[in-house]
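**Q** One structure coming up, written as C-alpha cells, with questions to follow.
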Amino acid sequence: MKPRILVTGGTGYIGSHTVVELQKAGYPVVIIDNLSNSNVKVLDGIERISGIRPDFVEADCTDIAAVRKLFNDYPGIKGIINFAASKAVGESMQKPLLYYRNNLNTLMNLLEVMGEKEVEGIVFSSSCTVYGEPDVNPVTEESPIKKATSPYGNTKQISEEIITDVINSGAPFKSILLRYFNPVGAHPSAEIGELPNGVPQNLVPYLTQAAMGIRKELSVFGDDYNTPDGSCIRDYIDVVDLAKAHVIAIERMLDNKSEEQIEVFNLGTGNGVSVLGLINAFEKATGVKVPHKIAPRRAGDIEKVWANPARANNVLGWVADTPIEETMRNAWAWQMKLRERGIM
Ligand code: NAD
Ligand code: WQD
C-alpha cells in the first residue's frame with residue numbers, strides 16, 4: 001500500500017489532473033481546498049475517470065488549526081503537493097495583500113505542520129514567471145531569476161526562497177520546485193478541465209470560448225513582436241503531461257532518490273509556439289474556426305519564453321510529448337462538455 005498524499009488545491013485545474021494520476025499510480029489522496037476557485041463537483045469528474053473518490057476536506061490552508069486537524073484525521077501523509085494559491089496576475093496588482101497572504105501563509109503553514117508530522121517531501125507549483133523576459137531562450141533552471149513584475153510572480157519567487165531557507169535550516173524533509181510553463185488542455189475524457197471564472201484572462205480558455213461563440217472574437221495581443229509571425233511565443237504544456245511529472249517528483253522524494261534536498265525542474269515541452277501558431281493548431285485539430293483580430297499589445301507581456309526541459313527529461317525521465325493538436329482537441333472537447341452541462 002502506497003502512502004497517503006495531501007494535495008492542496010486538488011479540486012483546481014492542475015490539481016484535479018494530478019489527483020487522477022496519483023490514484024492511477026496507487027496513491028491514496030486527500031485533498032484540501034477552500035473552493036475559492038473551483039467546484040466540489042470536480043470530485044465527481046475525478047471519480048468517473050479513476051473509479052476512486054478522493055478524500056476531501058473543505059478548508060483553508062491559511063488556517064493552521066484546520067491543517068493540523070486534517071493531519072490528525074488522515075494519518076500517514078508522507079508527501080504534499082501544494083497547488084493551493086491565488087493565480088490571477090492582473091488581480092494580484094489590484095489586491096497584493098490577498099496574494100501575499102494567501103500564497104505565502106498557505107506555504108508557511110504547510111512547512112510548519114510538515115515538520116511536526118514527519119512528512120518526507122513537498123512538491124511546490126512554481127512558474128516560468130520567475131524568469132521574466134529571458135535574455136536567452138530556451139531557459140534552463142540556471143537562467144537568471146528576474147525581478148518579479150507582479151505580486152503573484154513575487155509570491156512564487158518568495159515561496160522558492162522560503163522553502164530553501166527552511167530546508168537549509170535543517171528541516172527534516174525534501175522539496176521539489178516545479179517551474180511550469182503554460183499549462184493548457186484538459187483530460188482526454190473531458191471529465192475534468194479548466195473552469196475559468198468570468199472573462200478568461202488566459203489564451204486557451206478565451207480561444208475555446210470564442211470558437212464556441214461565447215465571446216465575439218479572440219484578441220491577439222500584438223503582431224509586432226520580434227518573432228517570426230509577430231505574435232508572442234510561449235511553451236504550451238499539456239496538463240496531463242504536467243500532472244504526470246508530479247507523481248514522478250513525489251515518488252522520487254519518498255523513494256529517497258533526490259540528489260539534493262531541494263531540486264528545481266523546468267516543466268515545458270521545449271517548443272515555442274506563437275499565439276497565431278496556436279490558433280492554427282486549434283483550427284487544424286478541430287476543424288473549427290477561431291474568430292480573431294489583431295489587437296494592441298497587452299501591458300506586461302513577455303515577448304518570448306520557452307523551456308529547456310533537459311533536466312526534467314534526463315533526471316526525472318519525464319517528457320511532455322502530447323502533440324499540441326491533441327491538446328487542442330481535448331481543450332475543445334472540454335469546452336463542449338461545459339456547454340452540454342449548461343455551465344458555459
Ligand atoms: P486553480 O485556481 O485552478 O487551482 C488552485 C486551487 O487552490 C483552487 O481549487 C482554489 O480553490 C484552491 N485554493 C486557493 N487558495 C486556497 C487556500 N488558501 N486554501 C485551500 N485551497 C485554496 O489554479 P491552477 O491553474 O490549477 O494552478 C495550481 C498551481 O499552479 C498554483 O499554485 C498556480 O500558481 C501554479 N501555476 C499555475 C499556472 C497556470 O498557468 N495555470 C502556471 C504556473 C504555475
Ligand atoms: C499567453 C499568450 C498573450 C489572451 C500567465 C502568467 C504566468 C503563468 C501562465 C502562472 C500571451 C496572448 C492571451 C488573449 C492573447 N501563470 N493572449 N489574447 O501571460 O504567458 O502567462 O499564465 O504562473 O505567470 O502570467 O499566459 O495565457 O495569459 O497568455 O493574445 O485573450 O497569449 O499575450 O502572449 P501568460 P496567457
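The values are calculated or read from the model by the stated rules, or taken from the named source; none is laboratory data. Predicted model only: the values in this text are computed from it and were never measured. Cβ coordinates were reconstructed from backbone atoms using ideal geometry, including for glycine residues, and neighbour counts include every protein chain displayed. Heads up: the accessible areas ignore ligands, DNA and RNA and are worked out on the full protein's heavy atoms, side chains in. Shrake-Rupley method; radii C 1.70, N 1.55, O 1.52, S 1.80 Å.
**Q** Which of (1) within 26 Å of residue 316 (Cβ to Cβ); (2) surrounded by fewer than 21 Cβ atoms within 10 Å (Cβ to Cβ); (3) among the small types (Gly, Ala, Ser); (4) within 16 Å of ligand 1 (Cβ to nearest atom) does residue 189 not meet, given it meets every other one?
**A** (4)
**Q** Tell me, please, whether a residue that is within 11 Å of ligand 1 (Cβ to nearest atom) and either open to solvent by less than 70 Å² (accessible area, probe 1.4 Å) or within 21 Å of residue 251 (Cβ to Cβ) (or both) can be found in the range 74-82.
**A** Filtering the range 74-82 down to residues within 11 Å of ligand 1 (Cβ to nearest atom) leaves 81-82.
Subsequent filtering for residues that are either open to solvent by less than 70 Å² (accessible area, probe 1.4 Å) or within 21 Å of residue 251 (Cβ to Cβ) (or both) retains 81-82.
Yes, the range 74-82 contains at least one residue that is within 11 Å of ligand 1 (Cβ to nearest atom) and either open to solvent by less than 70 Å² (accessible area, probe 1.4 Å) or within 21 Å of residue 251 (Cβ to Cβ) (or both).
**Q** Quick one: how many residues across the range 325-344 are under 22 Å from residue 232 (Cβ atoms) and open to solvent by 40 Å² or more (accessible area, probe 1.4 Å)?
**A** Residues meeting the conditions: 1.
**Q** Looking at (1) farther than 27 Å from residue 23 by Cα; (2) open to solvent by less than 50 Å² (accessible area, probe 1.4 Å); (3) of a type outside the set (Val, Ile, Thr); (4) part of a helix (DSSP H, G or I), can you tell me which one residue 206 breaks?
**A** The number of the failed condition is (2).
**Q** Yes or no: the range 27-50 includes at least one residue that is on the phi > 0 side of the Ramachandran plot and more than 9 Å from ligand 1 (Cβ to nearest atom). First the steps, then the outcome.
**A** The initial filter retains those residues of the range 27-50 that are on the phi > 0 side of the Ramachandran plot, namely 35.
With the extra rule that they be more than 9 Å from ligand 1 (Cβ to nearest atom), the set shrinks to none.
There is no residue in the range 27-50 that is on the phi > 0 side of the Ramachandran plot and more than 9 Å from ligand 1 (Cβ to nearest atom).
**Q** Please find, within the range 1-19, the residue that is farthest from ligand 2 (Cβ to nearest atom) out of those that are open to solvent by 10 Å² or more (accessible area, probe 1.4 Å) and either among the hydrophobic types (A, V, I, L, M, F, W, C) or modelled with pLDDT under 95 (or both).
**A** In this case the residue turns out to be 1.
**Q** While we're on this one: Taking into account only those residues within the range 297-324 that are of a type outside the set (S, T, N, Q) and part of a helix (DSSP H, G or I), which is surrounded by the most Cβ atoms within 10 Å (Cβ to Cβ)?
**A** Among those that are of a type outside the set (S, T, N, Q) and part of a helix (DSSP H, G or I), it is 312.
**Q** If we keep just the residues of the range 266-296 that are under 15 Å from residue 218 (Cβ atoms) and part of a loop (DSSP other than H, G, I, E, B), which is most open to solvent (accessible area, probe 1.4 Å)?
**A** Ranking the qualifying residues of the range 266-296, first place goes to 289.
**Q** Being in a helix (DSSP H, G or I) and either small (Gly, Ala, Ser) or in contact (Cβ under 8 Å) with a residue 40 or more places away in the chain (or both) is the filter here; which residues of the range 1-23 pass it?
**A** So the first thing to find is which residues in the range 1-23 are in a helix (DSSP H, G or I), and the list is 13-23.
Within the range 1-23, 13, 14, 15, 16, 17, 18, 20, 21, 22 meet the criteria.
**Q** Can you tell me which residue is farthest from ligand 2 (Cβ to nearest atom) among those in the range 119-176 that are open to solvent by 30 Å² or more (accessible area, probe 1.4 Å), aliphatic (A, V, I, L, M) and in contact (Cβ under 8 Å) with a residue 12 or more places away in the chain?
**A** Out of the qualifying residues, it is 166.
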